Structures are given as C-alpha cells and as structure tokens.
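Read-outs: derived from the displayed coordinates by stated rules, not from any lab. Predicted model only: the values in this text are computed from it and were never measured. We place every Cβ from the backbone using ideal geometry, glycine too, and count neighbours over all the protein chains shown.
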Amino acid sequence: MNSILTKYTEKASNDEDQCVKDERFQNNFNIVPVPEASMYLRSLTDETQNRSCLIKMNHGTTTLAFRYQHGIVVCVDSRASAGPLVASQTVKKVIEINPYLLGTLAGGAADCQFWQTVLGMECRLHQLRNKELISVSAASKILANIMYSYKGYGLSMGTMLAGTGKGGTALYYIDSDGTRLKGDVFSVGSGSTFAYGVLDSGYDWNLSKEDALNLGRRSIVAATHRDAYSGGSLNLYHIDENGWQFHGNFDVDKLIWEAKDTEGSFAHIPR
Amino acid sequence: MSIMEYNGGSCVAMTGKNCVAIASDLRLGVQSISLANNFPKVFPMTDKTYLGLTGFASDVQTLYELFRYKVNMYKFREERQIEPKTFANLVSTSLYEKRFGPYFSFPVVAGLAKDDNPFICGFDSIGCIDFADDFIVSGTAAEQLYGMCESVYEPNLEPEDLFETISQALLNAQDRDAISGWGCIVYIITPDKCVKRLVKGRQD
C-alpha cells in the first residue's frame, strides 16, 4: 500500500524554486556554447545571410482561416519548396492538435510540427488538471509565450490557431516573433496577398456554410495559381462548437480548370 | 537570390529519326509572382533552325533580337539561309564577346541541316558549345529535365512519338520546379513542315 502511495504522491516541497524545476519550464535544448548563440543559430538557418546555410527552411505556402456565423473555415495548400525545387506536393499543413483545436503550418515545418505537438500535450494536461476544455485564448497564450522565450534563436513559425473551447470559437495568429493577435480573418504565407484579394472581396459574417467553404477553397486556388511557391492540393477544414471536421483534399489544378469552366474566371489561361 | 532564378523558365531539345523537337515552358514571373502564361522561350531563326533561350528574361528578349539581326545580315550577304551548325558557332562567338559582362542566359539550338540531318546543341552563358546527339536541357528545371530525359529518351523516335516523349519530359520536370510551368509549347521540326503545339500543364 505504501509503495502505491509513494508512487502517486507528489513530493511536497517548501523550496520556492520548485516551480522553476517543474519540467515545463526547463529548457531541454542544448544551446551551442558560443558567445552570441542566437546570432550563430540564425546564421545557420537564414538563407539571406548565408547561401550555403546548413538547415534549409522550406518556406512558401498559403494558409488561411476565417471566422463567420457558423464557425471557422481553415484552408491550406500542400506544397513544400526548397528554393526553386518543389520538395513535396503532399505536405499536411494543418496540425490536428486535439479534436477541438487546429493549428496551421507556415514557415519552418519542423518548428511548427514540434511546438504544436507540445501545445497539444499542454492542452491535455490542462484538461486533466482542471476537468474542462482549455479555452482557445489560453492555448494560444501558451504557444505565444513559448515562442517569445525562444525569440531571437532563429525559430520560424507563422501559425494560426483555430478552435473551440471555453468561450466559443476563436481564431488567433501566432508567430515566432512572439506576436499573438485575435481576429476574424487571417492569411499567412508567401501566397497570402493573393488569397486576401479573393477572401476580402467575398467575406461576410453571415455567409452560409457552403458559401464559406467555397470561399476558402477559391481563395487558396487563386493563391496557388499566382504564387510559385504554393500549390499541390488543398486541405479544407471546418470548425464549429462540436470540434473540427475534415472537408476533403482537392487537387488545385483540377479546381482551377473547374473555376474556368463554371465561373468564367482565369480567362488568360488558353483552353 | 540568383539572377538565373529571377524570372524562371526551362527549355529542352531532343533528336529523333529525321526530326528534332524543341520545347519550353510559358511562364514569366518575378521571383514568386507569376505574371504571364504566354512567354515562350523558343524562337524560329530560319525555317529549319530554332533557338531556345532560358534565364534572365530581359536577356532572352535581347539575345533573340540580336540573333535575328545577325541571321538576317547573314542571309543578305550569303544569299542563303544559315545552317544550324553555323548558327551555333555564331551564338558561341556572340556570347563570348561578352565574356566579362555576360548575358544571363543558357541558349539551346535545334534544327535540321541541309541534308535533313538532325542537329541540337546547348551552351553555357559564355558560349561553350555542347554538341549532343540525344538531348539538351536548360533552365531552372534543368536538373529535373536531366532525370526525365535520361529515363524516357530513346534514339530514332518518329515525330509523333518524339512529341509525346518531349512533352512528358518537360511537363513532369516543370511540376517539380516552382518557377517553371504554366503550360508548354512544343515545336516538332521535320523536313517538310514544322508543327507547333500548345500543351496544357498544371496551373499552380
């Protein structure tokens, strides 16, 4: 009996530095023991400073999310480019953190995937400790604070956190500078300017679900056509008070030809 | 940012049985933004000689006009059309004239000689001629094109088969290059005619 008790009892400690020793606050990454470590790390990943940098970040993407009366629509492309080379056309840029939270991937793929998985772990711990779903506001704050603590070390992440929890649906933009912005319409990535054009002209809070999904799809299609570093296929998600549902993977090239036939757009492409 | 990757674009030429094929993509862009889908990079110099130019778009246009001038002057002086092999040497010397301030372009010449023998060759930006009897590639998708051509090319293809081969090589190589694409244009040159075909490609 005693052995079970000791196994499941947290050691009571009067040490006021206990919270610092808590696993969550411990930095488990070995930083290179050079002066100005953050400058050194940035030189490893920043291609504008050093063309033959060792860690090639795959930038180039278009992701968007917008909030409307029935929930949130999240739509992303699936191309990863290493300079002009198309490294992959089938990248999953939406990370399913838990059944109520989605995170998008833009910037460094590894950074996004890793830290959003850590966020998923923190959200689950919150759920176990507090017996209720974490709010999107708190979840985004956790991620933003993690980003801020690594500010200057060369992490590259421009993500949108969309989900439902205590307080309803919410959409946040979080990036590796430590920015955390709440909003209704966001688009992130090299193709975001093209997506904003279509998104802003079609957006209305009172859209129907079908129109909202079509708007998300059509915005990504516009961006993948004009932006060289976006393309492949698009992944469409919808979030409402019950969590997220996946609405399909669509080949972008097919959608462009379909838009040309049905809407009459893309007239500059010869048949 | 490299000047050769500023506008994007690629070109490929192949030989067949008494025919040659030359093809290029149609994209013109400025770094990541795609601006035009009607910017071919293959130009007819004579009925039987075609020039493909990749790289910096401004130099593509300038070189086309330069060689058009030189080919026309040749015709006036010699009272005959220039042969592909002679034209290749003309390209080589013109490029070397700018050895210390080169044109940022990698030309490709494809044509049929007087006796209808197929002729193709490629150049680097300062005029080194690379004579080949199978295929020549050029542009931002060159590495991808090398891979595609090595696997799909076979010698002595008929014009129709050569068209299929060169189209597949270019289309699939373009899909792995972010800054080439938006369709391609293919010229098949045979002793009696030249057929120009527009091939639909992925529009992303």
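Quick notes
- Proximal lysines to A:Lys182, defined as alpha-carbon separation beneath 23 angstrom and excluding residues fewer than eight positions away on the same chain: A:Lys93, A:Lys141, A:Lys151, A:Lys166, A:Lys209
- Lysines with Cα under 26 Å of B:Lys75, excluding same-chain neighbours fewer than 8 positions away: B:Lys41, B:Lys48, B:Lys85, B:Lys98, B:Lys114, B:Lys193, B:Lys196
- Each peptide in A:84-97, A:253-266 was scored by the mean count of other Cβ atoms within 10 Å over its residues; highest first, the order is A:84-97, A:253-266.
- Within 10 Å of each Cβ in B:171-180, the average number of Cβ atoms from other chains: 4
- Counting neighbouring Cβ atoms within 10 Å and putting the fewest first, the residues A:Ser230, A:Ser208, A:Ser78, A:Ser135 line up as A:Ser208, A:Ser135, A:Ser78, A:Ser230.
- Note: relative contact order over segment A:63-263, using C-alpha pairs below 8 Å and six or more positions apart, is 28 percent.
- Within the shell of other residues whose beta carbon sits under 10 angstrom from the beta carbon of A:Ala195, the net charge comes to -1, with Lys and Arg scored +1 and Asp and Glu -1.
- Cβ crowding within 10 Å ranks B:Thr49, B:Thr140 as B:Thr49, B:Thr140, fewest other Cβ atoms first.
- Peptide-level mean, for A:257-270, of C-beta atoms on other protein chains within 10 Å: 2
- Kirkwood Rh and Cα Rg combined as Rg/Rh, chain B: 0.94
- The charge dipole of the protein assembly as shown, taken about its Cα centre with unit charges on the Cβ of Lys, Arg, Asp and Glu (plus for the first two, minus for the last two), comes to roughly 560 debye.
- Note that segment B:20-25 has calculated 3J(HN,Hα) couplings of 10, 10, 9, 9, 9, 7 Hz, one per residue in order, obtained from phi through the Karplus relation 6.51 cos²θ - 1.76 cosθ + 1.60 (θ = phi - 60°); glycine and proline are x.
- Loop-located trypsin sites (Lys or Arg not before Pro) in segment A:140-221 (DSSP state not H, G, I, E or B) with no more than 14 neighbouring Cβ atoms inside 10 Å: A:Lys151, A:Lys166.
- With all pairs of separate Cα atoms included, segment A:58-191 yields a Kirkwood hydrodynamic radius of 14.9 Å.
- Computed over chain B: relative contact order in percent, which uses C-alpha pairs under 8 Å that are six or more apart: 30 percent
- For a straight C-alpha distance cut-off of 16 angstrom, the aspartates and glutamates reachable from A:Lys260 (same-chain residues fewer than eight places away being disregarded) are A:Asp251, B:Asp204.
- Nitroxide proxy distance, nm - points 7 Å out along Cα→Cβ at B:Lys17 and B:Thr93: 3.8 nm
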